[in-house]
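Beneath this line is the structure, given in structure tokens, with notes to follow.
Every number in this text was worked out from the coordinates using simple rules, so none of it is lab data. Note that the structure is predicted; figures quoted are calculated from it, not measured. So basically every Cβ, Gly included, is an ideal-geometry build from the backbone, and we count neighbours across all protein chains shown.
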Amino acid sequence: MKLSIIALCLALAAVPGAALAERPSPEDNLFQTAQIGTSSRPNVVSSFDEIDTDHNGYISATEASRASMAASFGSLDRNLDGLLSREEYEDHHKDH
């Protein structure tokens with residue numbers, strides 16, 4: 001499991017900054033909006049669903065980076081499976 005996390009971190013670090021620079025999308029500020037805006041559950045659920053672009057019920061590291069939350073992804077992924085579950089995401093918003 002630790003090896004998977006290390007590999008994920010190395011893969012993310014290897015991506016050139018230019019590849020990450022793209023036109024801003026509506027998803028870019030979803031995580032920040034959820035933190036700054038009202039903390040009501042519908043907003044959290046809505047932002048989770050919007051960040052989870054493949055609609056598999058989890059936020060991947062790729063989806064997190066598209067939503068400008070790559071830096072906090074590791075601390076939110078409590079079970080270290082490389083995916084952010086709805087529960088992990090919502091628990092974070094309960095605390096903030």
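Of note:
- With each label modelled as a point 7 angstrom along the Cα→C-beta vector, the Thr62-Glu90 pair spans 2.7 nm.
- The local environment of Glu88, defined by Cβ-Cβ distances under 10 Å, has a net charge of -3 under the rule Lys, Arg +1 and Asp, Glu -1.
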